[in-house]
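Below is one structure, written out as structure tokens, with a few remarks after it.
The values are calculated or read from the model by the stated rules, or taken from the named source; none is laboratory data. As the structure is a prediction and not an experimental result, all values here were calculated from the model. Quick reminder, even Gly has a Cβ in these numbers, built from the backbone with ideal geometry, and neighbours come from all protein chains shown.
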Amino acid sequence: MRLSITGLLIGLACLLFVTQAKPQTQAVTLNVAVAANFAQPLTMIADSYFVKTGHRIHITVGSSGALFAQIVHGAPFDVFLSADAKRPEALVEQGLAESDDVVTYARGQLALIGAGESGVNALLEAADSTRIAIADPRLAPYGLAAQQFLTGMGLWEHMGSRLIRGSNIQQTLQFWQTGNVQLALIAASQCVSYQLSCVMIDAEKHTDIVQKLSVVGRSHNKDIARDFVSYLLSHEVQHQLSAMGYLPVSPTGESR
């Protein structure tokens, strides 16, 4: 009996040593900067990631250009989800991110709200008093896509003061929701999120809206940030995004 008790005590001591020697991952809060078009999907993804891992996501929303400028000037973000490809890639060029940490997480689609049954013809039929909102092309990739689309229709140079620019795609939608404009070119994901009746814009009428992200080089939580990126690229999440107005990408961050 004495030998059995001694063996049990030794076994418990070994188990205690192993338990103490193996560090437990503490829950952290990741600071994630996200382009306005992806804010609502990210909120849902952040909630499910918290349930899965215990790690919280603190979200800062803005235009891709404004968020990029904040990171360049030292903002303490762990992950940057842009609405374009060039700004995350620019972080690599400036030594603020590693090339392996830049991946495509979604492909966006442009849509027209307020057109009714007229579809895109509503833009051609619009009276001189009809105001149209787009995101600022200098700051927001969806705004650049809208500019390219309107240019292709021969409308861009004739819009003048009737063209209202939002600082980001969310403000662009708000211009329409508040009645400040009659038409707006927004993200298809917003049509899904707010259950709006929209007309999809032919993707061939503008450059692809490839949305890339980067883990920020100065992050103190890179391992967890990369784990979050892997979760975002997982089949489970990408399947959800396809129902939210986005075109999915593969787990490696490549377009499907």
- Residues that are assigned by TED's automatic domain parsing to the domain that holds Ala66, within 22 Å of the chain's Cα centre (by Cα) and not aliphatic (A, V, I, L, M): find the strands (runs of 3 or more DSSP E) completely inside segment 89-145 holding 1 or more of those. 102-108
- Task: Check segment 63-83 and report whether any residue there is within 18 Å of the chain's Cα centre (by Cα), crowded, with 20+ Cβ neighbours inside 10 Å, at pLDDT below 95 and among the acidic types (Asp, Glu).
- Result: no
- Message: Condition first: in contact (Cβ under 8 Å) with a residue 60 or more places away in the chain and assigned to a strand (DSSP E or B). Can you find one or more residues in segment 215-223 that meet it?
- Response: yes
- Residue identified as closer than 30 Å to Val103 by Cβ, surrounded by fewer than 17 Cβ atoms within 10 Å (Cβ to Cβ), polar (S, T, N, Q) and out of contact with any Cys (no Cβ under 6 Å at 6 or more places or on another chain) among Ser230, Ser193: Ser230
- Which of the residues belonging to segment 157-176 are surrounded by fewer than 21 Cβ atoms within 10 Å (Cβ to Cβ) and not in a helix (DSSP H, G or I)? Leu163, Ile164, Arg165, Ser167
- Message: Against the condition closer than 19 Å to Leu213 by Cβ and modelled with pLDDT under 90, how does Pro88 come out, does it pass?
- Response: no
- Query: So how many residues does segment 31-52 have that are part of a helix (DSSP H, G or I) and closer than 19 Å to Asp84 by Cα?
  - Reply: 7
- Task: Could you identify the single residue in Gly143, Gly179 that is out of contact with any Phe, Trp or Tyr (no Cβ under 7 Å at 6 or more places or on another chain), surrounded by 14 or more Cβ atoms within 10 Å (Cβ to Cβ) and not aliphatic (A, V, I, L, M)?
- Result: Gly143
- Query: Residues in segment 233-244 that are in a helix (DSSP H, G or I) and crowded, with 16+ Cβ neighbours inside 10 Å: how many?
  - Reply: 4
- segment 166-183, residues that are in contact (Cβ under 8 Å) with a residue 24 or more places away in the chain and over 20 Å from the mean Cα position of the chain (by Cα): Phe175, Trp176, Asn180, Val181, Gln182, Leu183
- Message: Need the failing condition index for Gly154 against (1) at negative phi; (2) outside any helix (DSSP H, G or I), just the number.
- Response: (1)
